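Engineer: What follows is a single structure, and I will ask about it in a moment.
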Amino acid sequence: MPQFPWKCERPDAALRTGLEAPTLRTVVPEVRYARSGDVSIAYQVVGDGLFDLVWTPGALSHLELRWEDEAVARFYHALSSFSRLITFDKRGTGLSDRVAGIADLETRMDDIRAVMDAAGSEAAAVVGVSEGGPMALLFAATYPERVQALVNYGSLPRFVRGPNFPWGEPKHEYLAEYEAEAEIWGSEESARDFLESQGLEVTPEAIEARQRGDRMKISPGAFVQLGRMNAEIDVRPILSTIRVPTLVLHRREDHIPIEGARWTAEQIPGARFVELPGGPHMPYYGDWEAVVDAIREFVEPICLESARPYDSVLATVLFTDLVGSTAKAVEVGDRRWRELLEQHHARIRTQLAHYRGIELDTAGDGFFARFDGPARAIRCACSIRDAVSDLGLELRAGLHTGECEVVDGKVAGLAVSIGARVAAQAGPGEVFVSQTVKDLVAGSGIEFQDLGGAELKGVPGEWRLYSVASP
């Protein structure tokens, strides 16, 4: 059976790794809940080190059951010996809320922020493991002020083969493997395949424990949905915008291609790549101490230093503009036009507040705002368009996601100019986005119409634009 890049939490009590059985039962840390939108995210805090370390797990985990596995418990205790370890179950898995479908990467990434807020963590070292890697990468680019250091372990910026990315399986094969695994989910066959893939002893007790753990982490249907979402992940466009100290950590015999991990490190400015010998994929099996040591040696000196200033951030910029405003003002007269503008501004600000947008500037009848996620920005733009339509006003909008310079709380730079130029291409009632925005919201359910290439005034090269067909 296939070896999936997401099984990074193993709660099996009976799977041993050569250690003698512990004489004392591990005390399971208290499970708490963070509110992320309408979803409750289960998390734990372990240890009281001088800095925080947020462990973003692979796709499947269970906060309580993991402590029944002595190898996992030993690994987490090692991390908590030098940090305040914060870890969580992703939405839809483990002890977190079960949800309808699998959320897009932006929404799931924001769960990291919600957990940090609930745990009282202003800034932390963030570790992304396997399927949690893209989440951590996106979080570090979006919230550099909250990431003191970033570690990406056993992961890639996308999980299927694609243009200029030869690592991973073709998409159809990748999806077929998820569907095949779902057919035997929680079975003896599935458990045996996992144990053998990790070089662990296959015993009746180990098989039974693995079966129980898998069933409690996720359902077969949600597992297939997860695979479909993972097949759409592609955070390559944001790698060059990451400005926090970054370590890409990978085992040589991991079934996730190490060449892809090495390429990832090359795309992140100043990133360090560390290759560890052997395997397996899960960090707490095999030479687990080498994994812990590599993480500690990298993050500890950085996190114990004074706060690191940052001058750039990954942001989605939104520009809106009223179409035919001069003619409308002449039609209704000055007094009525002022009233319409006041209502226009109020309705836009209501939508910005709802979607966590930050108003940066207002010039006449246009708005300039920034968001920490492109999907929220798109939905906000569409809501703004709809909110002002009954005023008899026609609005156009444009969005772009890119690295922005932070100046006095505002953003500037080429990405801002691109966003303005994208908006200028739109017509009445249209919301246009750049290729980068479209790529980052894959799996969100937002639909687009391909508009082909376009030249943006003052911006070099040809830019592929898309119209939002359905938010």
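The values are calculated or read from the model by the stated rules, or taken from the named source; none is laboratory data. Not measured: the values here are computed from a predicted model. Cβ sites come from the backbone with ideal geometry, for glycine too, and all protein chains shown count toward neighbours. Just so you know, the surface numbers come from the protein's heavy atoms only, side chains and all, with ligands and any DNA or RNA stripped out. Shrake-Rupley method; radii C 1.70, N 1.55, O 1.52, S 1.80 Å.
Engineer: Would you mind listing how long segment 226-282 runs along its three principal axes, going by Cα atoms, in whole Å with the largest first?
Structural biologist: Here the Cα extents, ordered largest to smallest, are 31, 31, 16 Å.
Engineer: Using only DSSP helix segments of four residues or longer, with each worth -39500 (n - 2.57), what per-residue ellipticity at 222 nm results for the chain after dividing by its residue count and rounding to 500? It would help to have the intermediate numbers written out before the result.
Structural biologist: Values: 14 runs with 175 residues, N = 471.
One gets -11500 deg cm²/dmol as the mean residue ellipticity at 222 nm.
Engineer: Whenever you get a sec, compute what percent of the accessible area on segment 337-445 sits on carbon and sulfur atoms (1.4 Å probe).
Structural biologist: Details: 2000 of 4270 Å².
For segment 337-445, the apolar C and S fraction of the accessible surface comes to 47 percent.
Engineer: Could you give the DSSP H helices of the chain that reach 27 angstrom or more along their long axis (alpha carbon positions) and whose average Kyte-Doolittle hydropathy is no lower than -0.5? List each step's numbers first, then the result.
Structural biologist: Values: long enough: 334-354 (30 Å, -1.51).
Counting only whole DSSP H runs, no helix qualifies.
Engineer: According to the Cα gyration tensor, what semi-axes, each the square root of 5 times an eigenvalue, does the equivalent ellipsoid of segment 78-171 have, listed from largest to smallest in whole Å?
Structural biologist: Details: eigenvalues 115, 60, 33 Å².
The three semi-axes for segment 78-171 are 24, 17, 13 Å.
Engineer: Could you state the per residue volume, in Å³, of the convex hull enclosing the Cα atoms of segment 290-414?
Structural biologist: On the way: hull volume 16.7 nm³, N = 125.
About 133 Å³ per residue, rounded to a whole number.
Engineer: Mean shadow of segment 48-101, computed from the convex hull of its alpha carbons, in nm²?
Structural biologist: On the way: hull surface 15.8 nm².
Spelled out: convex hull of the Cα atoms, projected over all directions, averaged, 3.9 nm².
Engineer: Specify, per residue and in Å³, the volume enclosed by the convex hull of the alpha carbon atoms belonging to segment 102-259.
Structural biologist: 129 Å³
Engineer: Given that compact globular proteins tend to follow 2.2 N^0.38 Å, what is the ratio of the alpha-carbon Rg of segment 341-437 to that value?
Structural biologist: Details: Rg = 12.6 Å, N = 97, 2.2 N^0.38 = 12.5 Å.
Relative to the 2.2 N^0.38 Å estimate, segment 341-437 comes out at 1.01.
Engineer: At a Cα cut-off below 29 Å, give the lysines reachable from residue 90, other chains included and same-chain residues fewer than 8 away excluded.
Structural biologist: Straight-line reach from residue 90, under 29 Å: 7, 171, 217, 438.
Engineer: For segment 324-394, rounded, prolate or oblate, judged on the Cα gyration tensor with a ≥ b ≥ c (square roots of eigenvalues), a/c < 1.5 rounded, else prolate if a/b > b/c? Could the numbers behind the result be given before it?
Structural biologist: Working: a/c = 2.53, a/b = 2.09, b/c = 1.21.
Verdict is prolate for segment 324-394.
Engineer: Pop out the Kirkwood hydrodynamic radius of the chain from its pairwise C-alpha distances, inverse of mean 1/r, in Å to one decimal.
Structural biologist: 23.4 Å
Engineer: Residue 69's amide H: which non-local residues (gap 5+, or another chain) put their own amide H closer than 5 Å, with H modeled 1.01 Å from N in plane and none for Pro or chain starts?
Structural biologist: none
Engineer: If amide H atoms are built 1.01 Å from N in the plane of the peptide, which residues on other chains or at least 5 residues away come under 5 Å of the amide H of residue 394?
Structural biologist: Placed amide hydrogens put 323 under 5 Å from residue 394.
Engineer: Would you mind computing, in nm to one decimal, how far apart the modelled labels at residue 81 and residue 407 are, each placed 7 Å from Cα along Cα→Cβ?
Structural biologist: 4.9 nm
Engineer: Next up: Find how many whole Å separate the alpha carbon centroid of segment 317-367 from the alpha carbon centroid of segment 225-261.
Structural biologist: 41 Å
Engineer: While we're on this one: Note down the relative contact order for segment 360-436 as a percent, whole number, built from C-alpha pairs under 8 angstrom at least six residues apart.
Structural biologist: On the way: 95 pairs, mean separation 21.7, N = 77.
Here the relative contact order equals 28 percent.
Engineer: Give me the net charge for the shell around residue 250: Cβ to Cβ below 9 angstrom, other residues only, Lys and Arg +1, Asp and Glu -1. Present the calculation step by step, with values, prior to reporting the outcome.
Structural biologist: Working: positive: 251, 252, 262; negative: 254, 275.
For residues surrounding residue 250, the net value is +1.
Engineer: Just to be sure I understand: of the beta bridges DSSP finds with both ends in the chain, what percent are antiparallel, rounded to 5?
Structural biologist: On the way: 46 of 73 bridges.
Approximately 65 percent, going by the DSSP bridge assignments.
Engineer: Which whole-Hz couplings ³J(HN,Hα) result when phi for each residue of segment 427-441 is put into the Karplus expression 6.51 cos²θ - 1.76 cosθ + 1.60, θ = phi - 60°, listed in order with x for Gly and Pro?
Structural biologist: These are the phi-based 3J(HN,Hα) values: x, x, x, 9, 10, 9, 9, 7, 4, 4, 4, 4, 5, 6, 9 Hz.
Engineer: Something else: Return the inverse of the average 1/r over all pairs of distinct C-alpha atoms in segment 165-213, which is the Kirkwood hydrodynamic radius, in Å to one decimal. Write out the running numbers ahead of the final one.
Structural biologist: Details: mean 1/r = 0.0834 Å⁻¹.
Across segment 165-213, the inverse of the average 1/r is 12.0 Å.
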